[in-house]
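The values are calculated or read from the model by the stated rules, or taken from the named source; none is laboratory data. No experiment lies behind these values; they were computed from the predicted model shown. Ideal geometry is used to build each Cβ from the backbone, glycine not excepted, and the neighbour counts take in all protein chains shown. Accessible surface areas use protein heavy atoms only, side chains included; no ligands, DNA or RNA. Shrake-Rupley method; radii C 1.70, N 1.55, O 1.52, S 1.80 Å.
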Amino acid sequence: HMPLAEAEAIVDRISPFLQSNNPAVVLSAVNIVVNFLQAYCNSRASKLPPLQQAELEKRFGGRIAGPLVSLTSSLRFEMRYVALRTIRVITQRYRDHLVPHVKAFLVKFDDPVYIKLEKIDVMVSLCNRSNAELVVAELAEYANEVDVELARKAVRSLGVVAVKNTTIAAQCVERLVALIDTRVSYIVQEAAVVVQQILRQYPATYESIIVKLCRALDVLDDPES
């Protein structure tokens with residue numbers, strides 16, 4: 001590693017490029033900031049004390065969220081996709097910086113399906129107590145879309161949110177029950193797979209949903225379900 005002061009100076013110099021109109025320049029600048037953080041904050045080789053690492057992450061990590069989110073509104077769908085994929089990777093380590101931007105990832109009617117699927121993954125990864133109700137409501141709405149792949153993804157994601165967030169699990173189950181009542185085959189099939197994951201996580205808590213599934217056995221023809 002180069003001296004910290006020198007590395008900080010370089011990151012400060014490239015930070016204005018995060019506001020560039022050129023998406024490639026923005027992504028390159030983001031890459032430099034992330035590499036800096038990984039070297040000095042997230043590396044076992046870093047000799048910085050934990051408090052200093054946390055301060056560096058807070059100072060520099062917040063710089064990359066806004067520019068990346070702005071790229072998801074690009075007129076070019078391929079650039080939106082690249083930005084979303086980058087965000088998915090970054091949320092694994094810098095999730096807190098992106099949580100305030102969760103509304104930027106709500107699915108739009110004119111988004112291509114591959115963009116919609118990526119947005120759902122990002123929304124789920126950013127889901128926490130403060131925004132869980134919004135995320136669950138959105139997923140339930142997407143589950144009623146005519147696109148089968150999108151609908152199944154939304155149902156599956158409701159299960160992920162339920163398993164990861166105890167406080168919102170009951171709302172997820174309520175939404176799943178409503179979806180099972182639609183008796184749309186692919187929705188019920190996906191719900192059946194999701195329910196077994198929820199029951200494993202919360203044994204003896206949501207057993208009443210089994211009755212709903214039993215009443216829909218005639219539409220369960222998928223092997224996994």
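Taking 7 Å steps out from each Cα toward its Cβ at Arg183 and Asn42 produces label points 4.9 nm apart. Working from label points 7 Å from Cα in the Cα-to-Cβ sense, the Glu207 to Val193 distance is 2.7 nm.
Placing +1 on the Cβ of every Lys and Arg and -1 on the Cβ of every Asp and Glu, with no other charges, gives the chain a dipole of roughly 640 debye about its Cα centre. If R0 equals 30 Å, the separation of the Cβ atoms of Asp222 and Asp110 corresponds to a calculated FRET efficiency of about 0.50.
Using the Kirkwood radius over Cα pairs, work out the Stokes-Einstein diffusion coefficient for segment 137-184 at 20 °C and 1.002 mPa s, in µm²/s as a whole number. Mind showing how you got there, number by number?
On the way: Rh = 10.6 Å.
The diffusion coefficient I find is 203 µm²/s.
In the full protein context, segment 19-129 carries 53 Å² of accessible surface per residue, based on a 1.4 Å probe and ignoring ligands, DNA and RNA. In the context of the full set of protein chains, segment 144-225 has a per residue accessible area of 53 Å² (1.4 Å probe). Per the Debye formula on identical point scatterers at the alpha carbon atoms of segment 63-140, with no solvent, log10 I(q)/I(0) at q = 0.12, 0.18, 0.24 Å⁻¹ is -0.28, -0.65, -1.17.
Dividing the Cα radius of gyration of segment 1-92 by its Kirkwood radius returns 1.00 for Rg/Rh. Lysine pairs in the chain whose alpha-carbon atoms fall under 17 angstrom of each other, counting only those eight or more residues apart or on distinct chains, come to 8. For Phe105, what charge total do you get from the other residues with a beta carbon under 11 Å from its beta carbon, if Lys and Arg give +1 and Asp and Glu give -1? Neighbour charge sum, excluding Phe105 itself: +2.
Global dimensions of segment 1-154 from alpha-carbon coordinates: Rg and Dmax equal 17.1, 55 Å.
Shown in residue order for segment 105-115 are the 3J(HN,Hα) couplings computed by the Karplus curve 6.51 cos²θ - 1.76 cosθ + 1.60 at θ = phi - 60°: 9, 5, 5, 9, 4, 9, 5, x, 4, 5, 6 Hz (x for Gly and Pro). In whole percents, the pair-distance distribution calculated for segment 82-225 from its alpha-carbon pairs, binned every 5 Å from zero, is 2, 10, 21, 21, 20, 13, 8, 4, 1, 0. Report in % the part of the accessible area of the chain that belongs to carbon and sulfur, leaving out ligands and nucleic acids; probe 1.4 Å. Roughly 53 percent, rounded to a whole number. Highest-first packing order for the peptide set 138-148, 199-209, 114-124 is 114-124, 138-148, 199-209, based on the mean count of other beta carbon atoms within 10 Å.
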